[in-house]
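Structure, as structure tokens:
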Amino acid sequence: MVDLDSEVPPLPPRYRFRDLLLGDQGWQSDDRVQVEFYMNENTFKERLKLFFIKNQRSSLRIRLFNFSLKLLSCFLYIIRVLLDDPTQGLACKELNRRCSNQNYTPGAIDWSPIIWVNRSLPLWGLQVSVALISVFETLLLSYLSYKGNIWEQILRIPFLLEIINAVPFIITIFWPALRNLFIPVFLNCWLAKHALENMINDLHRAIQRTQSAMFNQVLILISTLLCLIFTCICGIQHLERAGNRLTLFDSLYFCIVTFSTVGFGDVTPKIWPSKLLVVIMICVALVVLPIQFEQLAYLWMERQKSGGNYSRHRAQTEKHVVLCVSSLKIDLLMDFLNEFYAHPRLQDYYVVILCPTEMDAQVRRVLQIPMWSQRVIYLQGSALKDQDLLRAKMDDAEACFILSSRCEVDRTAADHQTILRAWAVKDFAPNCPLYVQILKPENKFHIKFADHVVCEEEFKYAMLALNCICPATSTLITLLVHTSRGQESQQSSEQWQKMYGRCSGNEVHHINLEESTFFAEYEGKSFTYASFHAHKKFGVCLIGVRKEDNKNILLNPGPRYIMSSTDICFYINITKEENSAFKKQEKHRKKHESKLSYHGTSRLPVHSIIASMGTVAIDLQDTGCRTSSGPTLALPSEGGREGRRPSIAPVLEVADSSSLQTCDLLSDQSEDETTPSDEEVSAGLEYAKGYPPYSPYIGSSPTFCHLLHEKVPFCCLRLDKGCQHNYYEDAKAYGFKNKLIIVAAETAGNGLYNFIVPLRAYYRPKKELNPIVLLLDNPLDDLLRCGVTFAANMVVVDKESTMSAEEDYMADAKTIVNVQTLFRLFSSLSIITELTHPANMRFMQFRAKDCYSLALSKLEKKEREKGSNLAFMFRLPFAAGRVFSISMLDTLLYQSFVKGYMISITRLLLGLDTTPGSGFLCSMKITEEDLWIRTYARLYQKLCSSTGDIPIGVYRTESQKLTTSESQISISVEEWEDTKDTKEQISYRNNHRNSTSSDQSDHPLLRRKSMQWARRLSRRVPRHSGKTAEKINQQRMNLYRRSERQELAELVKNRMKHLGLSPAGYDEMNDHENTLSYILINPSPDTRLELNDIVYLIRPDPLAYVPNTAPSRKDSFCNTVGQDTREETQL
């Protein structure tokens, strides 16, 4: 057994109780070894090296002292020259005496003035002191920088120059006879140049700034040129002591004239040493200076590519914003500049562009225009580098715009780059406001810290969805977020272009109520009263307010909202109130304007927006509300005698709850939802209102919408394949009550959530909900199966895989051709298309021989030459809302710099955000029963007094006799077969010539082959009987008369028959060729309403009028299953 006591070490002799408490420090220290690190730096040499070389600040001081010392030596040399006289001095007198006793040889050089000079004792003492210090410093630095090769230290040019200039002075201390010996001290200028370069390098290191290669190169060039001139001046002056005895000024004059290649010849060297020096200096200049200039030119070109720096002084005295992009295209640049500088208060701002790529030729040409060259600075660099952010002075910027590259193949990767840029800017400049554009909604939560964020797919899908229920919503939003004066096409001969161009200048503005002339008088009155009377009096449309103590904007809070003096009012007008002038109209002028009022469908005077609107005499009387049976405004029963205007109820200053009607949003829907139809019961469709249980991505706004009680199985989502729950394989078999909305997209991304939610919002009547079909591929068979022949709208989303192309504008090629094919096959289908580039909108529904489209193309070019930001607005597909580009919404982010509320208002209009008490965008159609209202002002009053709706614009469709091409003229074959008389045959032949000529012009090869085949068939087949000949003749005539539209119709019908679908619903002739549609934003009050006008409304939130006893939104959703639906529909 091991003895444990023997294993325990004995206690130390000084072990005490205090050591037990505090620790055995003395005992433990006996076993410790103190280690000192970096002992090599404790030596005397290393300490000197640390002071003279390694330490940045002390090294900078040494360099500065050395530079000053060399300048002092050059200054002492100039003083010696100015005080020197070649005819004085003992040595010179002795030499002159000897030369006078000897025979003088012409052309001989007297070397004594060159070798000997007159140097006073004080001057000699100063030069010796400077030489001693210089030699000591040079030897010390050589010793500290010694690395084993002594010849490398000795043969350096600075060391040799130091020895030549300093050692002779030290020798004169011990040999006084040599005190007047000439020493080329002026060569110290080259040592000063070398010290200056080292000093600049140490200066950059000491202040921790990035060294500017351009600055260093310019400094080297200037110092080299000065050293050459100074050396030449001093050398010529000294050598000419034995010749012309030039002064320093004469030498300076000679050098300047010589180096500038002027060469007057009035001052020239006389002896050959001075001539040789001139030759040597010229040769050195010809070698050294071109090298310096070449390096300077190279650095200048590189600086032009990188853009240089935005100076700190400018950043502190001027205002600037920074635009960060991954690649800068000319369209993106011009859109930003035109929109940014459209605001008057931004004219003095500078735009600094920070881009990692080199500036292309187009951008370079644009930035060289004087209009932009003085205000736009291009810097090549990365936002992830603090050095580049410092160059752009990001910490002093007023704002930073970070834009994503939507043309990238991988849009998620583009978002990742945007996120990193936003993080880098926020880390470098926390106080700089950030305006960020993101592509994918699932990446939005990474940049929640940004001041303003625009998610492209959110806005895109929301606008596409609202286009299906509110026509041309995309055009409405695009015009609202663009800055315009409303002067587009005011010289046009067509009335619709004048009205459309004038109304397109309306924008959203804001003002404080107590400071406003428009709205100050309506303090304490209802919102609808203020909105109606402000529009009637000033022509402005009040659409929303924001309380002083609340950040949420309320669009049309309804008639129960009372205006307060501290409210911020948001209104639509051509210009803001601060830029408006108010003039009172005289009576005779009003009478004159009333005579010019509208009396037809083609003439409409455009009145002034401010205070020159013609007022409308309206008899006030209570009327009924719009019923749910039809979208009409009821005609008053008490119409009175013929010729008297029907009366409209007044808009009350304070809402009366007894007279206020919610206009079928709650009452009518509740009845409809409480008693579901037999079809809904048989189909198992039971709707409830609530919030979606799952969110597709972080940061999506919860929206109260229509939901199914039970989740549909995944297998039932395939429309073209049956499953165990149903056997339907096409859309028609489902028997949908409402028309379909087809979405043709490449993938089912998270952005589709923002397409579905606005179409299923709680304020949409349940009976008007359209089935939504997602088409991931669009061959003809799939189009026919998904019900394209009876669809209400087809939305074509730009595919991500085609957004990038070698040629930028070719990114939309596939989408445009596919949509053109759909347009030809299904001309009655309403197709809504998204494009990448707005310039490609001119190819939508392209007709090569349409003269009217060509005229609009010329109009677009004229407006672009005038500098319009909305030159594309007159294209018929865009005006009608059938095409838009998400890049047009880039201006929404730019406008947020001046109007910080624009993103919030746009999100509320599109239904992306829902604020309690805020209204929503919807529309109503003017029918024949509504034409009794007659004018837009009366409609405004009718809506405000009955339902509390605020109209903001009109979507108008007009019949237009457009010039059609001959290829559109066709005659049906069935009609010709029933024609027997000669006159009809003659008229047919005349029309036949036109159709065949146009068809041959459109498809010459196809038509020529068909005609040749018909002729050969008629010649080769023998005439066995009259019936056979008649049949062949009929086939030949059918081929002649067969038009392109009939071929396409027959193709579609045959394909539908092959798939087992009925072609009954296919209408091949109904199209929109002879109509044009456009938007009138905030038209004048006396604008006449026309049949089929669609009015954009901001309807108040129906949930704002629900009694407190009604269940909350959250409770209604949680208690959906197993409870009576009546309890939920009270919402």
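For the stretch 240-269, how many residues are open to solvent by 80 Å² or more (accessible area, probe 1.4 Å), modelled with pLDDT of 85 or more and in contact with a helix residue (DSSP H, G or I) (Cβ under 8 Å, 6 or more places away or on another chain)?
Counting residues in the stretch 240-269 that are open to solvent by 80 Å² or more (accessible area, probe 1.4 Å), modelled with pLDDT of 85 or more and in contact with a helix residue (DSSP H, G or I) (Cβ under 8 Å, 6 or more places away or on another chain) gives 1.
Out of all the residues in the stretch 227-258, which are of a type in the set (S, T, Y) and part of a helix (DSSP H, G or I)?
Here is the first cut: in the stretch 227-258, the residues of a type in the set (S, T, Y) are 231, 247, 251, 253, 258.
If the condition is that a residue be of a type in the set (S, T, Y) and part of a helix (DSSP H, G or I), then T231, S251, Y253, T258 are the ones that fit.
Scan the stretch 707-728 for residues that are buried (at least 17 other Cβ atoms within 10 Å of the Cβ), assigned to a loop (DSSP other than H, G, I, E, B) and touching a residue at least 40 places away in the same chain (Cβ under 8 Å) and jot them down.
Step one: filter the stretch 707-728 for residues buried (at least 17 other Cβ atoms within 10 Å of the Cβ), giving 707, 719, 728.
Going one step further and asking which of them are assigned to a loop (DSSP other than H, G, I, E, B), we end up with 719, 728.
Passing the criteria: only L719.
All but one of (1) modelled with pLDDT of 80 or more; (2) out of contact with any Ser or Thr (no Cβ under 6 Å at 6 or more places or on another chain); (3) over 20 Å from F51 (Cβ atoms); (4) charged (D, E, K, R) hold for E137, so report the exception by its number.
Going through the list (1) modelled with pLDDT of 80 or more; (2) out of contact with any Ser or Thr (no Cβ under 6 Å at 6 or more places or on another chain); (3) over 20 Å from F51 (Cβ atoms); (4) charged (D, E, K, R), E137 breaks only (3).
For the stretch 316-339, which residues satisfy the criterion of being open to solvent by less than 10 Å² (accessible area, probe 1.4 Å) and touching a residue at least 40 places away in the same chain (Cβ under 8 Å)?
At the first step, the residues of the stretch 316-339 found to be open to solvent by less than 10 Å² (accessible area, probe 1.4 Å) are 320-325, 333, 336-337, 339.
Once the filter is applied, which keeps residues that are open to solvent by less than 10 Å² (accessible area, probe 1.4 Å) and touching a residue at least 40 places away in the same chain (Cβ under 8 Å), the stretch 316-339 yields H320, V321, V322, L323, C324, V325, F336, E339.
Being open to solvent by 50 Å² or more (accessible area, probe 1.4 Å), farther than 30 Å from K858 by Cα and at pLDDT below 95, is that true of even one residue in the stretch 492-508?
no
Do any helices (runs of 4 or more DSSP H) lying entirely in the stretch 346-460 carry at least 1 residues that are free of Cβ contacts under 8 Å to residues at least 60 places away in the same chain and among the charged types (D, E, K, R), and which ones are they? Explain how you work it out, then say what you get.
Values: elements: 361-367, 370-373, 386-391, 411-428.
Of the helices (runs of 4 or more DSSP H) lying wholly inside the stretch 346-460, those with at least 1 residues that are free of Cβ contacts under 8 Å to residues at least 60 places away in the same chain and among the charged types (D, E, K, R) span 361-367, 386-391, 411-428.
Taking only pairs six or more apart or across chains, which ones have beta-carbon atoms under 7 Å, a first residue in the stretch 467-484 that is farther than 18 Å from Y763 by Cα, and a second residue that is among the aromatic types (F, W, Y) and open to solvent by 10 Å² or more (accessible area, probe 1.4 Å)?
Between residues of the stretch 467-484 that are farther than 18 Å from Y763 by Cα and residues that are among the aromatic types (F, W, Y) and open to solvent by 10 Å² or more (accessible area, probe 1.4 Å), the close pairs are A472/Y955.
Can you find a residue in the stretch 455-468 that is modelled with pLDDT of 90 or more, open to solvent by 30 Å² or more (accessible area, probe 1.4 Å) and not hydrophobic (A, V, I, L, M, F, W, C)?
The answer is no; no qualifying residue exists.
Scan the stretch 416-432 and tell me whether some residue there is buried (at least 21 other Cβ atoms within 10 Å of the Cβ) and touching a Pro at 6+ places or on another chain (Cβ under 9 Å).
Looking for residues that are buried (at least 21 other Cβ atoms within 10 Å of the Cβ) and touching a Pro at 6+ places or on another chain (Cβ under 9 Å), one finds none in the stretch 416-432, hence no.
Where residues in the stretch 361-376 are open to solvent by 30 Å² or more (accessible area, probe 1.4 Å) and under 18 Å from the mean Cα position of the chain (by Cα), which of them is nearest to V436 (Cα to Cα)? Don't jump to the end; show me each part of the working.
Keep residues of the stretch 361-376 that are open to solvent by 30 Å² or more (accessible area, probe 1.4 Å), which gives 361-362, 364-365, 368-371, 373-375.
Right, trim to under 18 Å from the mean Cα position of the chain (by Cα) and you get 362, 375.
Working: Q362: 25, R375: 22 Å.
Among those that are open to solvent by 30 Å² or more (accessible area, probe 1.4 Å) and under 18 Å from the mean Cα position of the chain (by Cα), it is R375.
Can you pull out the residues in the stretch 914-953 that are more than 21 Å from L652 (Cβ to Cβ), outside any strand (DSSP E or B) and among the β-branched types (V, I, T)?
Hits for the stretch 914-953 are T914, T915, I926, T927.
Checking E865 against (1) crowded, with 22+ Cβ neighbours inside 10 Å; (2) free of Cβ contacts under 8 Å to residues at least 12 places away in the same chain; (3) not hydrophobic (A, V, I, L, M, F, W, C), which test does it fail?
(1)
Okay, residues lined up against (1) closer than 25 Å to Y77 by Cα; (2) outside any helix (DSSP H, G or I); (3) without any contact (Cβ under 8 Å) to a residue 60 or more places away in the chain:
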position: E137; (1), (2), (3): yes, no, no
position: T172; (1), (2), (3): yes, no, yes
position: F215; (1), (2), (3): no, no, yes
position: L219; (1), (2), (3): yes, no, yes
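The values are calculated or read from the model by the stated rules, or taken from the named source; none is laboratory data. No experiment lies behind these values; they were computed from the predicted model shown. Using ideal geometry, Cβ is built from the backbone for each residue, glycine included, and neighbour counts are taken over all protein chains shown. Areas reflect the complete protein model, heavy atoms only, side chains present, ligands, DNA and RNA absent. Shrake-Rupley method; radii C 1.70, N 1.55, O 1.52, S 1.80 Å.
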